[in-house]
1. Taking only protein heavy atoms and a 1.4 Å probe, what accessible area per residue, in Å², does the chain have with all protein chains in place?
2. Using alpha-carbon pairs under 8 Å, 6+ residues apart, how would you state the relative contact order of the chain in percent?
3. Within 10 Å, count the other beta carbons around each residue, average over each peptide in 128-141, 54-67, and list them highest first.
4. Roughly what percent of Cα-Cα pairs across the chain reach past 27 Å?
5. At a Förster distance of 41 Å, what's the computed FRET efficiency of Glu97 paired with Ser172, Cβ-Cβ distance as r, to 0.05?
6. With each label point set 7 Å from Cα along the Cα-Cβ vector, what nm distance links Met1 and Ala62?
7. Would you mind checking the tilt of helix 90-99 against the longest principal axis of the Cα atoms of the chain, expressed as 0 to 90 degrees and rounded to 10?
8. What does the extension gain come out to for Ser89 and Thr55, with contour length at 0.36 nm per residue minus their alpha carbon separation?
Amino acid sequence: MKSKPAAGALSSSAPILKANAAAIAEAARLLRAGRLVAFPTETVYGLGADATSETAVARVYAAKGRPAFNPLIAHVANLTAAKAQGVFSADALRLAERFWPGPLTLVLPLAPNATVCAAARAGRSTIALRVPSHPTALSLLAAVDLPLAAPSANRSGRISPVTAAHVSSDLSGEIDLILDAGPCPVGVESTIIACLDGPPRLLRPGGLSRDLIEEALGAKLAEATGEGAVIAPGALTSHYAPRANLRLGAFSLEAGEAGLDFGGHFPASQYVLDLSPGRNLDEAAARLFTFLRELDALQPDCIAVAPIPHVGLGEAINDRLRRAAAPRSGQI
Ligand code: TXA
Ligand code: MG
């Protein structure tokens with residue numbers, strides 16, 4: 001294993017600008033010209049493009065190396081803008097009114113006069129919509145006055161970025177500008193709920209916990225699995241992959257392993273990072289992707305991961321860890 005590397009040392013050709021008013025105006029100008037801008041959201045950094053432009057969206061798929069069958073989330077400034085793109089059922093409206101802006105994505109039937117292009121939807125007749133709560137994302141959406149297609153700003157199949165430096169290390173040279181507003185506060189991607197035919201279904205656990213959603217609906221969420229086809233194509237098993245293998249549910253370290261701890265199971269060393277010594281799952285989610293990257297940079301054969309309680313944001317954390325631990329063949 002390597003020792004921990006010094007922080008810093010970016011090798012991007014894309015400028016990284018502190019997300020002030022001038023930088024946001026420049027980002028909006030680039031986006032309106034069909035260029036790619038990475039920007040912070042409360043969950044992870046997104047790779048933004050004009051969602052109404054087939055050319056701009058094609059650049060996103062190319063930059064990420066993302067298969068064209070995997071649709072993108074359209075980010076909009078508010079519920080009114082979302083209603084122009086998707087058809088809201090009563091449940092969808094209840095969730096949007098309660099949780100937007102915030103870490104919730106709704107998959108809805110496409111509205112008749114929607115402007116989000118077919119490529120952004122991977123040709124589907126449904127659309128994924130989200131109003132992010134991060135002030136930089138909201139300012140950018142207001143300035144650009146377009147829906148922004150924004151997948152997580154990582155190479156397809158790799159760990160999502162929660163800092164501008166992560167974006168830079170993954171997509172160096174592929175994008176036109178990175179807006180930097182520091183680390184993302186939530187740290188895992190949005191929860192995705194489909195409100196199509198039948199009861200709302202959980203397609204991806206994320207930064208908004210299941211219990212809050214079920215409380216708002218007054219009903220349990222249906223599951224995406226067990227009914228045939230997975231309908232969040234990005235939720236294929238191998239994803240969020242570090243280079244090292246992962247060993248989940250570990251109570252102790254084996255020789256040569258680095259450790260991703262939760263609640264102090266592993267002896268402290270330079271090869272161990274604790275997501276939350278005090279067992280706080282929100283804190284653990286916010287640190288998850290940064291710590292995975294840092295441990296992976298030590299080049300261990302294996303990262304042992306302590307058990308994470310499957311409640312609150314623990315469900316999203318365990319989902320990402322399970323995907324990170326999955327076999328790599330066929331990864332997207
Ligand atoms: O927090 C987030 O959601 C971040 C930030 C940047 O907003 N974005 C994000 O995007 O995680 P991405 O592309 O990495 O993940 C979007 C997921 C994919 O799994 C995709 O398959 C699914 O949303 N998705 C998009 N449109 C869909 C649709 N119409 N039906 C089902 N799943 C859809
Ligand atoms: Mg992603």
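The values are calculated or read from the model by the stated rules, or taken from the named source; none is laboratory data. Just so it is clear, the structure is predicted and the values come from calculations on it, not from any experiment. Glycine gets a Cβ as well: all are built from the backbone with ideal geometry, and neighbour counts include every protein chain shown. Side chains are part of the model used for accessible areas, which takes the heavy atoms of the whole protein and leaves out ligands, DNA and RNA. Shrake-Rupley method; radii C 1.70, N 1.55, O 1.52, S 1.80 Å.
1. 40 Å²
2. 21 percent
3. Details: 128-141: 23.9, 54-67: 18.6.
Those peptides, ordered most packed to least, come out 128-141, 54-67.
4. It works out to 42 percent of all Cα pairs.
5. The computed FRET efficiency comes out at 0.55.
6. Result: 4.1 nm between the two label points.
7. The answer is roughly 60 degrees.
8. On the way: separation 34, 0.36 × 34 = 12.24 nm, distance 3.13 nm.
Full extension of this stretch gives 9.1 nm more.
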